[in-house]
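The values are calculated or read from the model by the stated rules, or taken from the named source; none is laboratory data. The model shown is predicted, which means the values in this text are computed figures rather than measured ones. All Cβ positions, even for glycine, are placed from backbone atoms using ideal geometry, and neighbour counts span all protein chains on display.
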Amino acid sequence: MLVVNDLHATVDGKTILNGLSLTVNPGEVHAIMGPNGSGKSTLGHVLAGRPGYEATAGTVSYMGRDLFEQDTEERARNGLFLAFQYPVEIPGVSNMEFLKASVDAAREHRGEEALDAVTFMKMAREASKTVDLDPAFLKRGVNEGFSGGEKKRNELMQMLLLEPSLAIMDETDSGLDIDALQVVAAGVNSMRSENRSFVLVTHYQRLLNFIEPDFVHVLSGGRIVRSGDKSLALELEERGYAWIEDEVA
Amino acid sequence: MSQEQINQAIDKEYAAGFVSAIESDTLPPGLDEEVIRFISAKKNEPEWLLEWRLEAYRGWLEMAEPEWAHVHYPKIDFDAISYFSSPKSMEDGPQSLDEVDPELLRIYEKLGIPLHEQEMLAGVAVDAVFDSVSVATTFRSKLAEAGVIFCPISEAVHEHPELVKKYLGSVVPRKDNFYAALNSAVFSDGSFVYIPKGVRCPMELSTYFRINEANTGQFERTLIIADEDSHVSYLEGCTAPMRDDNQVHAAVVELVCLDRAEIKYSTVQNWYPGDAEGKGGIYNFVTKRGVAHNDAKISWTQVETGSAITWKYPSCVLRGDNSIGEFYSVALTNNLQQADTGTKMIHLGKNTRSTIISKGISAGRSSNAYRGLVRMSPRASGARNYTQCDSLLLGDKCAAHTFPYIETKNPSAVIEHEATTSKVSDDQMYLCQQRGLDPEKAVSMIVNGFCKEVFKELPMEFAVEAGKLLEVSLEGSVG
């Protein structure tokens, strides 16, 4: 699915990723943890193709193809989805319109016909129920006036509709109360399948109580310094990050 | 990277630009009383109208071109303009569409103007103006049943002289301003609408304008009269072919909205804006004004994407008590386009209300100015105005300006003004692209979202067209 090899990347000229390697196979859930400033979010944005986030060395192959040869929108259409930590507002563009355009773009890319409005409406309503968002939100401007939690659930709803192959979730759990966290976890768990992989970027072990990862990686100084199974997350919860950083040093 | 993409998305050749090969019967350039007599004679006008034109011309000679607008262009040589042209094959006037020059019909086709059976489906009567002569008017009989008069103003002069004589120049006086005076002297043709008392016009009335002869100034004159308790929705739309010389356009639109009547006037304007270097675009100096009597309502909605220079302030004189004026505007400028547009709401009557929603979009190296006047007269007690003025910038070489003028002489009047300026942000572009939208589609979607409040005021078929027009103006033919 995703093979990251010795990736170096800069943001506005500043080196953030520093030789990161990671392999994600189909169906796997990987959790990326680490202290503030370790490069967790940067990894997501470099993979998604955010302007200003530049890979300076290393390779990334996604579904067997060089990721960096694809434009941002091409990566998205090929099933790479990033759930944003801070989704922006697009005033006046209804959620429904935005979602349909996104889904249609992906379908067109796969050589499928655009969905008719009625079918899509049904799907969208269904998805909004799954993420516990009032269907009225579908008519509102994209993220316009949404609370933090509503924005996160809106991201999840987009993920449900777009059915990505690789979903990168950038601190989707931050700022969520326990009920919302469970909604998000249920959404993710319902989507787990042998063809779909997840990369969960998170600060806290809390999310992993609800979404059980196959692997946990600790990021420090722009590279993965330790990998393990879910017990690593528990250990981190108990002991913090300092001991790993000390060991590495 | 995303800035570059925005630039690519907005660099798009004018899609409606092409030159048609129809021959025209054109007067040599220049303006004097003889030219005005020629125009008037050509139209078999009565003596009073000739005198009316000459009086306007004499007034114009003494007026100076206004220079206060936030636009810059080389001085116009009014003697280099030809003041009359008509498609040759139209000399005798076609009796039906079958008699219309096929080349002309083909152009309309190309512009997507349905002149044949599609009119019925669209429910729209089209009074198509090609250069200065009306070539086809449809649905006249159906409108006649309702008592509605919808015809070229040149025809109304002969068939309804009492109405024309009474109202022509009653809203925009002959010497109102430099361009209105010029228009009054040389106006070619335009639409005339009369809705009788208590009648709700059974369909939306629509006119398409098109400039087609090089160096031919276009001087349209439109007069709409909504008698007491009547209602009409009027649509105006235009696109123009690619040209190398600047073309002057000075239209006048007058709306007379009598007691309890309602006029909704919607415009989609797409005059040729000039090439990327600003060469060859239309200079558009328009005077549009309506007078609303007691309990009457005038609503202007405009989507302005074309012209090299736009100078235009559709206004409402709220003369009657409880009358309502509305102005909803989207003005988009790209490349080197310059727009100075807005409205005037003149509150004369008691409890008059006005709403102004203006959305300006600047791209390329363009300049986009909103200029609006809200005036509360001493008698306008209880009057209210709400103004919202938003600017959206695409890129870092364009400009947006807001010039609000507020004059109030009545202490009970309430005026609210809100203004914002924003940019299409990199983060918005990134979100759209991360969801699989190409940059072109993303820009178009964001811009359309910005304009939503105005688009929802447009009649359905126009709203779709307007969205498309923005896409074309910003790039090309995005979905």
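Just a few scattered comments:
- Top-ranked residue in the range A:117-134 [being touching a residue at least 40 places away in the same chain (Cβ under 8 Å) and in a loop (DSSP other than H, G, I, E, B); ranked as farthest from the other protein chains (Cβ to nearest Cβ)]: A:Asp132
- As a summary of the residue check, B:Val35 satisfies the conditions (1) more than 29 Å from B:Gly280 (Cα to Cα); (2) not in a loop (DSSP other than H, G, I, E, B) except for the one numbered (1).
- None of A:Ala180, A:Ala114 is small (Gly, Ala, Ser), within 14 Å of chain B (Cβ to nearest Cβ) and either assigned to a loop (DSSP other than H, G, I, E, B) or touching a helix residue (DSSP H, G or I) at 6+ places or on another chain (Cβ under 9 Å) (or both) except A:Ala114.
- Selection count where residues are more than 12 Å from chain B (Cβ to nearest Cβ) and closer than 13 Å to A:Ser41 by Cα, scope the range A:160-172: 3
- Selection status of B:Leu205, aliphatic (A, V, I, L, M) and at pLDDT 90 or above: no
- Filtering the range A:93-114 for residues that are surrounded by 23 or more Cβ atoms within 10 Å (Cβ to Cβ) and touching a Phe, Trp or Tyr at 6+ places or on another chain (Cβ under 7 Å) leaves a non-empty set.
- Residue check, B:Val464 without any contact (Cβ under 8 Å) to a residue 24 or more places away in the chain, at negative phi and more than 10 Å from chain A (Cβ to nearest Cβ): yes
Condition check ((1) under 21 Å from B:Glu228 (Cα atoms); (2) under 17 Å from the mean Cα position of the chain (by Cα)) across all residues:
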residue	(1), (2)
B:Arg289	yes, yes
B:Lys297	yes, no
B:Gly306	no, yes
B:Leu318	yes, no
B:Phe327	no, yes
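- A:Asn95 vs. criteria within 20 Å of B:Asn448 (Cβ to Cβ) and more than 10 Å from every other protein chain (Cβ to nearest Cβ): yes
- On inspection, B:Gly449 passes the criterion of being under 26 Å from B:Trp271 (Cα atoms) and either in a helix (DSSP H, G or I) or within 14 Å of chain A (Cβ to nearest Cβ) (or both).
- From the options A:Tyr241, A:Tyr204, residue that is in contact with a Gly (Cβ under 7 Å, 6 or more places away or on another chain) and either at pLDDT below 90 or over 29 Å from A:Ala55 (Cα atoms) (or both): A:Tyr241
- Filtering the range B:66-86 to residues that are under 28 Å from B:Lys43 (Cα atoms) and touching a helix residue (DSSP H, G or I) at 6+ places or on another chain (Cβ under 7 Å) leaves B:Tyr83, B:Phe84.
- Scanning the range A:49-64 for residues that are touching a residue at least 60 places away in the same chain (Cβ under 8 Å), surrounded by 17 or more Cβ atoms within 10 Å (Cβ to Cβ) and assigned to a loop (DSSP other than H, G, I, E, B) yields nothing.
- Set A:Ser147, A:Ser102: member being at negative phi and in contact (Cβ under 8 Å) with a residue 60 or more places away in the chain: A:Ser102
- Consider the range B:431-445 and keep the residues that are modelled with pLDDT of 95 or more and either in a helix (DSSP H, G or I) or away from every other protein chain (no Cβ under 14 Å) (or both). The one that is surrounded by the most Cβ atoms within 10 Å (Cβ to Cβ) is B:Cys432.
Conditions tested, residue by residue: (1) more than 11 Å from every other protein chain (Cβ to nearest Cβ); (2) within 30 Å of A:Tyr204 (Cβ to Cβ); (3) of a type in the set (A, V, I, L, M, F, W, C).
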site	(1), (2), (3)
A:Ala9	yes, yes, yes
A:Asp12	yes, yes, no
A:Ser21	yes, yes, no
A:Leu43	yes, yes, yes
A:Glu54	no, yes, no
A:Glu73	no, no, no
A:Ala76	no, yes, yes
A:Phe81	no, yes, yes
A:Leu99	no, yes, yes
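- Residue match in the range B:410-429 (condition: in contact with a helix residue (DSSP H, G or I) (Cβ under 9 Å, 6 or more places away or on another chain), facing another protein chain (nearest Cβ under 10 Å), buried (at least 21 other Cβ atoms within 10 Å of the Cβ) and aliphatic (A, V, I, L, M)): yes
- Some residue of the range B:419-426 being under 30 Å from A:Leu160 (Cβ atoms) and either assigned to a strand (DSSP E or B) or touching a Lys or Arg at 6+ places or on another chain (Cβ under 9 Å) (or both): yes
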